[in-house]
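The values are calculated or read from the model by the stated rules, or taken from the named source; none is laboratory data. In this text the structure is predicted, and so the values were computed from the model without any measurement. All Cβ positions, even for glycine, are placed from backbone atoms using ideal geometry, and neighbour counts span all protein chains on display. These area figures cover heavy atoms from the full protein model, side chains too; ligands, DNA and RNA do not enter into them. Shrake-Rupley method; radii C 1.70, N 1.55, O 1.52, S 1.80 Å.
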Amino acid sequence: MRLTKKIALFLCLGMIFITIISGRFQSSYSTKSVPFQPVSLMVSAAISLKDALEDIKPIYQKTHQDVEIIYNFSSSGSLQQQIEQGAPVDIFIAAANKQMDALESKKLLLVGTRQQLLTNQLVLVTPKDEKNVKKIQDLTQTNISRIAMGETNSVPVGRYTKEVITYYKILDKIQSKIIYAKNVRQVLNYVETENVNAGFVYLSDAKTSGEIRLVEIFPKTSHSPIVYPIAVLRDSKNPKIAKEFSQFLLNHSAKKVFNKYGFGT
């Protein structure tokens, strides 16, 4: 009888031991097999937004550690083409309405998510040591031989620039001097490296560089309104989070960053 009780106790203790070990093994296995993975959000944005959005990213992720923001910066026209060709994008921020209008006409935007995010200003800049250009009319001088601007078809800053030089009636006089760039940051780079005598960029881009001289800020009457629309894409894999991030870009903390870089909100 005592032997039977001892055997029963031994079996009972054995079962408890096996249960504990099994539980630890399963817990360890479960933790290793299902690691934490944040949700990825792909944001395709006009390259003029690069510095501001990079500064905003850590502010957002302080309270959204489960979301990984991935940026894709380029000209608005290039980003539009990527989206039309099926690129996996959650949010699009353009530097003009034209590209957003094109996507909306093809029903590629999530209905009700399009908003105006920012405004900007067009400016004329030169290398630091360029002293001959004091106003836009000086670009017609014979000693000014190279002027940088964005392409007019796919780069919004190029279209705004064409409107400005047409407004000041100097297009015919400087046409042969123009060097076209694929985006506004390339224009800025041409000026910084002194490959051109002058260039047309946004005020927000001019504020990022210590290698250029700001010559002139153009009045709003000289060109179309410079606006930055934002929208969630119809095929977004995470539309709820995309909407939340879009709204975050409109709140006070994000606006402070945009304002610091010269954007209007």
_Looking at the structure I just gave you, is Q26 open to solvent by 70 Å² or more (accessible area, probe 1.4 Å), part of a helix (DSSP H, G or I), over 18 Å from D205 (Cα atoms) and at pLDDT 95 or above?_
no
*modelled with pLDDT of 95 or more, within 17 Å of S74 (Cα to Cα) and open to solvent by less than 20 Å² (accessible area, probe 1.4 Å) - does that describe any residue in segment 189-196?*
no
*When residues of segment 112-128 are limited to those that are in contact (Cβ under 8 Å) with a residue 40 or more places away in the chain and part of a loop (DSSP other than H, G, I, E, B), the one most open to solvent (accessible area, probe 1.4 Å)*: K128
_For the condition within 22 Å of T119 (Cα to Cα), aliphatic (A, V, I, L, M) and touching an Asp or Glu at 6+ places or on another chain (Cβ under 8 Å), what is the one hit in L203, L188?_
L188
*asked:* Return the pair list, or none, for Cβ contacts closer than 6 Å from residues in segment 198-219 that are farther than 16 Å from K182 by Cα to residues that are open to solvent by less than 30 Å² (accessible area, probe 1.4 Å) and of a type in the set (F, W, Y), at least 6 apart or on different chains.
replied: S204/F263
*asked:* Considering only segment 89-108, I want to know if a residue exists there that is modelled with pLDDT of 95 or more, open to solvent by 60 Å² or more (accessible area, probe 1.4 Å) and in a loop (DSSP other than H, G, I, E, B).
replied: yes
*Scan segment 138-157 for residues that are modelled with pLDDT under 95 and either surrounded by fewer than 13 Cβ atoms within 10 Å (Cβ to Cβ) or under 15 Å from T126 (Cβ atoms) (or both) and jot them down.*
N153
*Number of positions in segment 52-72 that are surrounded by 19 or more Cβ atoms within 10 Å (Cβ to Cβ) and either basic (K, R) or under 22 Å from K106 (Cα atoms) (or both)*: 0
_Top-ranked residue of segment 73-88 - restricted to ones that are on the phi < 0 side of the Ramachandran plot and assigned to a loop (DSSP other than H, G, I, E, B), ranked as least open to solvent (accessible area, probe 1.4 Å)_ = S75
